[in-house]
Structure formats: C-alpha cells, structure tokens
Amino acid sequence: MQVIMTKLIANQITLGPFFTMNFKALSLKHVLAGLLLLISLNISAQKKEPSRIDSLLKQLTPAKEDTNKVILLIKLGGTYSKLKKADSAVFYLQRALLLAEKLQWQKGVARLYYYLGYHYYSQPNYIKAQNYLTKATELSFKAGDYQLAFESVRDLANTIYYVKRGSGEISCLVYAAGRFEKNNQLGLLINTYMLIGDFSSHEFNYNAAMDYYGRALKLQETTQHNYLRPYDLLNVGNFYLQLHNTKKARMILLKEIRLAEQMRIEDYITNGYIDLAHCNDAEHDIAGAMINYNKALQVAQKANDYTNLCATENEMSWDYFLKKDYEKALLHAKHAIGYVKADSAVLAYAWSTLGSIYRDAPGAVIVKAGLKPGRQYESSLALLLKGLKYGQAHRTFELVNESWRELTLTYEKMNRYTDAFKAYKTYITQRDSTDSLKNVKAVLLKEAQLNYSHKEDSLKYQQNITGAQLKQKKQQSYFFIGGLAALLILSMFIALNYRNQRKANRLLSEQGEEITAQRDQLVDTLANLKTAQQQLIQSEKMASLGELTAGIAHEIQNPLNFVNNFSEVNEEMLDELEEEVNAGRINEALLLVADIRENESKIRHHGKRADSIVKGMLEHSRKSTGQKEPIDINKLADEYLRLAYHGLRAKDKTFNAELITHFEQNLPPINIMPQDIGRVLLNLFNNAFYATQQKQKMAGAGYKPTVEVATSLSENHMVIKIKDNGAGIPADIKDKILQPFFTTKPTGEGTGLGLSLSYDIVVKSHGGSIKIKSLEGEGAEFTIQLPIVS
C-alpha cells in the first residue's frame, strides 16, 4: 500500500502590477490526486470579506477607462469567485476582458483569458475552460509573456485530459516546448519536458516518458536551474519504480537525496527515503525497507513534517501487517493516526491499514489494543468504510480500490456474504479499469521484439536452409529406394536367366561375365543406398538441431540481458564512484564499491549460465563419441523440455502450453551417452508439443495444451515418462510409428526417422526399452527404461 505524497514546486504568477499569488506546479501523477484542492482561483488577497466588494465597487464608479480599472474589475471577479458566486465572477471578468481589448493591452487580454479559463476549470466546465485556455496560450506567446504561456498550456493540458481528447494534451505541450526552446526559456522548457513525461507515463507510453524525462534532466545539468532537479529526479525515480526497474530507480533516488541534502529540502529527502524503501519492498527486502523508512522518519521529525511522518509510519505498519507481525503493525498504525488530525488522503490510508489489522490480528493483540475480541470485525468495518469515504473524497483511486478489497475480506469474516460479493465485484471492476500492468508488459514485449528481431530473422533463415536440405535428402531417399526396388526385380530376372543359361554350356562363360558385372553394379547401388540412409539420419539430427537452436536462442538471451543490464549499471556507478572519490566522500564510495562488486558477481553468475547453455548446444550438435558418462537425468530432461518448448514458440508465438515436471529427488547419476539420450528426449518432447498444437487448432478455446515429464527409479532401471494431452496415436498405426520413414505429419514437416533413431539409441545402444500408451483423442505417454550399471 503506497501513499502517493504531494511534491510541489512554487512558481510566481503575476496577476497585475499590484499583487501576485503562488501556484503549485504539479506533475500529472500528483495533479490527479490533488488538483481539485488547488483550483479555487485565488485572484485576490487572502482576506475575502463581503465588505471588500463594497469597497471595490466604490472605487470602480469614478475610475477612468484605463488599465487600473481593468485591475479593479479583475479583483471584483476574483472576490466573487472566492465567495462561490460564479455568475458575478464571470460578469466582472468579462467586463475586464472587453476593456483590456479596447485598450489594446495585450498582456492583460492574455491574462484575462487565462483567468476565465481557470475559473471554468474550477466549476468544472471543461469545454469552456479549454476554449479560453487555448486562446490564453496563443496570446501569451504573442505578447512574450512566457511564464503565463507555461501556466496556460499546463492547465490546458490538464483540461484536455479531463475531456478525454486522446493525446491532445501531449501535442499542446510539445508545441509549447518548441516555443520555449526557440526563445531560450530553459527553466520553462525543463518544466514542460517533465509534464510531457508525466502525461506519457500516465497514458502508458513509457518510451516517450523516458525520453522526455531524460531531456529534462540533461538540460538541467547545462543550466542554472538546479532547484528543479530534486523534484524531477524524484519523479523519474518513481517512474522507474513503476516499471519494476529497482536498480535504475535506486540509483536515481540516491542522486535525488544527495542533491536535496545539499539544498536542505527536507521534504524531498524524506520522500526520497520513502521511495528507496519502496524499492526494497519490491525486492521483498523488508529489513532494508525498514532502514530507509527509519531514515525518512528522522528527517521528517526534525522538520516537523507531520504528513510525511503519518505516511512513513503507515508504510511501516503495512509491511509488518503483510509479515503478520501484528503487534508492530498495530504500533506503527496508531503512530500514523496520531500525527495528522485533519481529514486527508494520507490519514485515510492510515485508517484503512488499521482496519485491516483489527480484522486479522489474533485475540491477544486485539485485547492489548483495547478492543473486545468479539467487536474486532465491527471496528475493522468502521475504519475501512471511513478510509473508503475519504479516499473517494480525495480521489485517491489506489486507496479506494484497496479498501474494496479489504472490505471483501472483512465482510467474509462477519459472514455477510452478500455484502462481500458486492464489495468484491466492485474491487474487480475498478482493478481492471485502473490496472496498468498489462500496458507495461505490452511495452516491454514490444521492446523485446525489437531487440530480438535480427536474431529471429537469422534463426528463420537457418531453419529454412535446414528444411530445404532435408527435403532434398528425402527426395534422394525416394530415388534410392526406387532404384533398390528396381534392382531387386532385376536381380530376380538375372537369377532366373542364369539358371536357364547354365543349361547351355556354350553361353555359360559369356553370361557369367554379364552376371558378375550386374552383381557388382548392384553391390555399388546398395552401398550408395546405405550412404543415403546415413545422410538422412544426419539430416534428422540437423533438423532437430535447427529446432533446438530457437530454444537455445531464447534461453541464452535471458542471461545475456542480465549481463548487459548489470554492465550498464556498473558503468554508471563507476562514474558515481569517481565523483564520490574526487569529492572525498569515502563512505558513499565504499557503498558504491559494494554495489559494483555485487553486480559483478551477478554478471559472473549469468555469464556462467550462458556458457553452460552454449556448452549444452555444442554437446548436442557434436558427433557422439560412443562413450558413456554419469549424468543427472533430471537436469538433462528439464533442459531439453524447455528448449523444445521455446523452439516451437519461436515458430508459433501464439502457442502456449503448461509444462509439468515430476522429478524424483536424489536420483543417482546414470551412465549414458548424453548427446544420444538428449536427442531421444528432444524428439519425444517435439512430438508431444506438436500433438498438443495440432489438437489446439481443432479443440477451441476450452482446451489447454499440457506436457508432463516424470523421472523415477524402478529396481535396476531409470524410468522417464513423457505424457501429453494431444491428439493421441490411432490404434492401427501404434505398432508402425517406430519404423523408419513412417510419419503422420504432412509432407515436409517430418522425416519419419525421429522415433526410429530414438528406438535404436535406447534399445540397441543402451539396452533399454520404449513403451507406448495412447488413447486416440486423449493423448499419449512414452515410457523410457534405461538400465543402471554399477
């Protein structure tokens, strides 16, 4: 349960020659939670008494038609707006606009369009607000009032977002960024880039968000606008945390904390430590999270920052609650509620957390808390409903969704199943409408596809070559088989003719020479046929290697990605280390050294994993030496199961299957030829996945492909069972499938040699057996038994 804290940067907005106001520029992810608290159009001074209107009206009557009268009309409009008298506010602001246009006061006209747009935004009347703010943006750029232009385009983007105009809010910000860059308004350009990043992130366009965040941070390094950096770094750190890239998030947040400490901005220091704790939570490192939460508490206590104190205590309470350490969870939850008295979003989170603790805590903790055990569910329900109510009021959608989930569990404990069902239904509906995880995965998938595209093209090319070679070899085999049949028939005629000619003594010598020549030709043809058979066997091995290559590519990409990612992080951390050493900060440098050393160990681990995959592929592809060696059969079966699955998925990305393993533990090593048994397993797994894939095409959406592999020890034999729920083997061909060149696959998809070679390897080379069980339409099971030789 993460509490989104409001992080603000003050910007001065000039309202006229006599007064100014402070407006807080929020990023999108904070605007949506807190914007409605800020849109009350504070145009006049803080004291808004009805008598002030009378005073302004008296000044207005004798006023000349000049800019001073425009300012009086603005003040009247602002005062009526503060008193919730919208019609009067619009009346005086419209009068001010007409007079400013008459006087040709360009900056005044632009600012009045902004005030009117801001007023309608607060009603809310987004259509009118959009019209006025669009005009305000155009006129402020034309008048050279760039600060007003930024304020106008920022509020225009928020308005467009609320009226659901697609990506229009980003387009207007990109236009403004171009104008700011052209006029060298670097501070406003930085703010605009950050807003584009926020909107892009909210619309799940994470590539664009990353690009614009990077532009903002890079521009800050080359300008004097460093006061923006802690806020922007905090935003970017949160962005990477959303993408579950905790390494990158942590690196950026550590920079933010150091910069905030130099600038003595306690709020940003506190929030930086809170987000560092969120990184620990994402990595399931509760101890590390508690260290950072305690650092956040120390800073917040020193600054009397009660909002962040409440938020931090609540986060600690929720972590202990998830660990079922209810005493500590209760302690921190009560601390959180004690810090903030007024109703607020952060306090609503604390109420909801305490409600969950009351529901699940054991009786001893409930009694210690001062509650009767029989009343704990009623207390839980009251607190959760209170948190839900204020979460809805403050538009904290995450809290609202979590409250419905927790209410479901409480209603269930109270046996109020109808209410539990309603709460659960609401939770599911809201979760599906707000969950962005699918969008994150979609983006990461697109990036992965981009990274792997060249690799996949290469693999497809290799597989096409292998398929063409295999087709050619099959055609050659048909030719040699036909030749063999013709030669067999010819040999019969030769034998018959030979017997007849033996009776004729005069032709014996001539016919004998002819028969000898034909016999020699037949021997040569038979030798050629055996050579062709060996070539077909090798082609089958190469075909299986081609299918295996796709699986190998997928398997090896994972450790290589880890090696590349950690190497990139180390490069950045080495730059940080150099800065820390040059600055004389030895402790920070030692921390970076520890992180670099940890990353290096991970690089070494994943490098060894990639090395083992490559060695496995070489073992499979090389010619068998015929030497047996002790092998872990569980490891061998698991590796070829995954490689066969990824090999098929490389050709058909829509195919998915459930892989189930039942490996008996502590099996002794078995002496086998690993390359040969690996080919057997690969053939059987490929056939199993092919059978389930074909059945899936016919069975429809209700069918779920499943392939199971199990190992066990039976007396003096190692047993491997491979089972699938595919189309099964018809009874009339079950006895034929182990014969050479027999296949049920379409032409060009199978050679008919896979199971034949598997039978020869298991039975003839290893003295084992292959048994087949199958029901047509329900699946097949192959059982391999290999003798264990001491």
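None of the figures in this text is laboratory data; all of them are computed from the coordinates on show. Everything numeric here is computed off the predicted structure, so don't read it as measured data. Ideal geometry is used to build each Cβ from the backbone, glycine not excepted, and the neighbour counts take in all protein chains shown.
Worth a mention:
- Nonlocal amide H pairs with residue 717, under 5 Å, H built at 1.01 Å: 788
- Cβ-Cβ FRET estimate between residue 101 and residue 661, R0 fixed at 60 Å, reported to 0.05: 0.15
- Ranked by the mean number of other Cβ atoms within 10 Å per residue, highest first, peptides 568-576, 263-271, 171-179 order as 263-271, 171-179, 568-576.
- Distance violations [Cα-Cα > 19 Å] among 324/425; 69/107; 734/771; 75/107; 302/323: 324/425; 302/323
- Within segment 686-704, backbone nitrogen closer than 14 Å to the virtual label 7 Å beyond the Cα of residue 772 toward Cβ: 687-688, 691
- Under 12 Å of direct C-alpha separation, and excluding same-chain neighbours fewer than eight residues apart, residue 248 reaches these aspartates and glutamates: 568, 572.
- Among 78, 156, 146 the positive-end extreme of the charge dipole of segment 63-193 (Cβ point charges): 78
- Spin-label model distance (nm) - residue 64 vs residue 262, 7 Å beyond Cα toward Cβ: 5.3 nm
- Under Karplus coefficients 6.51, -1.76 and 1.60, residue-wise ³J(HN,Hα) of segment 693-707 in Hz, glycine/proline x: 5, 5, 5, 4, 5, 9, 7, x, 5, x, 8, 10, x, 9, 10
- For segment 79-94, 3J(HN,Hα) computed residue by residue from phi via the Karplus equation (6.51, -1.76, 1.60; θ = phi - 60°) reads 5, 5, 5, 5, 8, 6, 9, 5, 4, 5, 4, 5, 4, 6, 5, 5 Hz, glycine and proline entered as x.
- Order by protection proxy (mean Cβ within 10 Å, highest first), peptides 189-195, 382-388, 208-214: 189-195, 382-388, 208-214
- Amide H within-cut-off set for residue 663, under 5 Å, with H built and near neighbours excluded: 711
- Convex hull volume per residue, computed on the Cα atoms of segment 210-362, equals 112 Å³.
- Straightening the chain between residue 575 and residue 291 buys 99.6 nm, computed as 0.36 nm per residue apart minus the Cα-Cα spacing.
- When the charge dipole of segment 227-382 is built from unit charges on Cβ atoms (+1 for Lys and Arg, -1 for Asp and Glu) and taken about the Cα centre, the candidate among 333, 320, 367 whose Cα reaches farthest toward its positive end is 367.
- Cβ-based net charge around residue 200, under 11 Å, with every Lys or Arg adding one and every Asp or Glu removing one: -4
- For segment 119-129, backbone phi angles converted through the Karplus equation (6.51, -1.76, 1.60; θ = phi - 60°) give residue-by-residue couplings of 5, 5, 4, 7, 5, x, 10, 5, 5, 5, 4 Hz, Gly and Pro being listed as x.
- Added length on full extension, which subtracts the Cα-Cα distance from 0.36 nm per residue, residue 421 to residue 564: 46.7 nm
- When the inverse distances between all different Cα atoms of segment 243-328 are averaged and flipped, the Kirkwood radius reads 13.0 angstrom.
- Fully extended contour minus Cα-Cα distance, from residue 712 to residue 789, at 0.36 nm per residue: 26.1 nm
- Sorting the Cα pairs of segment 78-149 by distance into bins of 10 Å, from 0 upward, gives 22, 51, 25, 1 percent per bin.
- Across 64/85; 58/82; 721/764, pairs whose alpha-carbon gap is larger than 23 Å: 64/85
- Student exercise, segment 64-104 dipole from Lys, Arg, Asp, Glu Cβ charges, in Debye to nearest 20: 200 debye
- Here the spin labels are modelled as points 7 Å beyond Cα on the Cα-Cβ line, and at residue 382 and residue 125 they lie 4.4 nm apart.
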